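Values quoted throughout were computed directly from the atomic coordinates according to the rules given, and no laboratory measurement underlies them. Everything numeric here is computed off the predicted structure, so don't read it as measured data. Note that each Cβ is placed from the backbone with ideal geometry, even for glycine, and that neighbours are counted across all protein chains shown.
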Amino acid sequence: MARANLVGALAFLALAAAAPSLPPWLVSLATIAFANALVVLGLMVLWRAGLVSFGQALYYAIGAYCVALLSRFAGITDAFLMLLAGGAAAAITAFLVGTLLARYREIFFAMLSLAVSMILYGTLVKTESLGSTDGFNVPPATFLGYAPHGGVLGLWLFWVVLGTCAIAAILVSAYFRSVAGALAVPVRDNEIRVEFLGLSVNRLIHLKLIIAGALGGFGGALAALAIGHVDPNMAYWTTSGGFVFVTILAGAASVAAAFVGSLGFELVRSFAVDVLPGTWQIILGSVLLVTILFLPEGLGSIFLRLRRSEARTP
């Protein structure tokens, strides 16, 4: 595990060092991909417990709109303050919503999570002060009082995204190794046995919902800073579906797979839109089909097999 963490840290450092020499379009694409990977990482937390959420766009949109509202009405432009505020707002929302969702499983959980997300979507569309269907722009962010311009702004934001992802990866890995995280599989397989151990399954799931919601909020906040615009589509069900798509590609076996899968998804989608602008969904669907056929546990299963083979090597 220590070796995996070291490899992951070196990968993030290598990306950060290489960023100034990369094309601006690739830096921009990677920024969005890694911001979305935080949402996927939250879905992995739920996925391990057998829970599929089609409403993670709720927390994604809350994080994004929190950033936009702070910059527009409170005059706050510091990226770190807005990032913390977006994550906190989403975590609080997840705590409140989780009091309901933690009681449900399977299709009921999935549909309820979707319904709550669509309530926010409808509210945003009908509220003119929040931009209605058009949304509104987010002013450029500052970083600890420094206000970069042009391509430098993209680099600074990319570095912030990488740092946030690195911290999230470390914390989620630690959570998976904790008692609450390790109980995800037993909760998925047999809740009654877990209850017999004297543990509350609902509380365990509630905690997972809060973690997933906070990660979604951080991802949405970073995406709003990167795109410079927010709109109700951030809370729409297709946005949640995109996150579920990437989670299927990545699987739940490895934290690193969330970032690899999200970056791969954005690269494939950009290539597909460029090659087949009218039918790019065919390429994405084919990639998903091939993944399910040959890697039913996702890309993360590759990392898991490599670790197992290393452990067997004398």
With N denoting the number of residues in region 236-275, provide Rg(C-alpha) divided by 2.2 N^0.38 Å, to two decimal places. 1.21
Share of Cα-Cα pairs in region 58-130 beyond 20 Å, in percent? 39 percent
Relative packing of 30-43, 230-243, 289-302, 197-210, which averages over residues the other C-beta atoms within 10 Å, highest first: 30-43, 230-243, 197-210, 289-302
Size of charge dipole - the chain - debye, nearest 20, with Cβ of Lys, Arg +1 and Asp, Glu -1, no other charges: 820 debye
Dimensions in Å of region 39-191 - Rg and Dmax from alpha carbons: 17.7, 54
Scattering curve values for region 5-71, log₁₀ I(q)/I(0), Debye with Cα scatterers, q = 0.15, 0.21, 0.26 Å⁻¹: -0.72, -1.01, -1.07
Placing one identical point scatterer on every Cα of the chain and ignoring solvent, what is log10 I(q)/I(0) from the Debye formula at q = 0.08, 0.10, 0.12 Å⁻¹? -0.35, -0.55, -0.81
Across region 123-137, in residue order, what do the Karplus-derived ³J(HN,Hα) couplings come to in whole Hz, using 6.51 cos²θ - 1.76 cosθ + 1.60 with θ = phi - 60° and x for Gly and Pro? 5, 5, 5, 8, 9, 5, 5, 9, x, 6, 6, 7, x, 7, 7
Tell me which residues come under 5 Å, amide H to amide H, from Phe54 once H is placed; ignore anything under 5 positions away on its chain. Ser113, Leu114
Show the residues, 5+ positions off or on another chain, whose built amide H is closer than 5 Å to the amide H of Thr142. Asp78, Ala79
Ranked on Cβ counts within 10 Å of their own Cβ, fewest leading, Met111, Met44, Met118 go Met111, Met118, Met44
Return the long-range amide H neighbours of His229 (sequence gap of 5 or more, or a different chain), with a cut-off of under 5 Å between placed amide H atoms. Val138
In whole Å, largest first, what are the principal axis extents of the Cα atoms in region 208-312? 50, 37, 21
³J(HN,Hα) across region 278-284 via Karplus (A = 6.51, B = -1.76, C = 1.60, θ = phi - 60°), whole Hz, x for Gly/Pro? x, 9, 5, 4, 4, 5, 4
Between region 190-241 and region 255-306, the Cα center-to-center distance that results, in Å: 22 Å
Whole-Hz ³J(HN,Hα) for each residue in region 83-90, computed from phi via Karplus 6.51 cos²θ - 1.76 cosθ + 1.60 with θ = phi - 60°, x for glycine and proline: what do you get? 5, 5, 5, x, x, 5, 4, 5
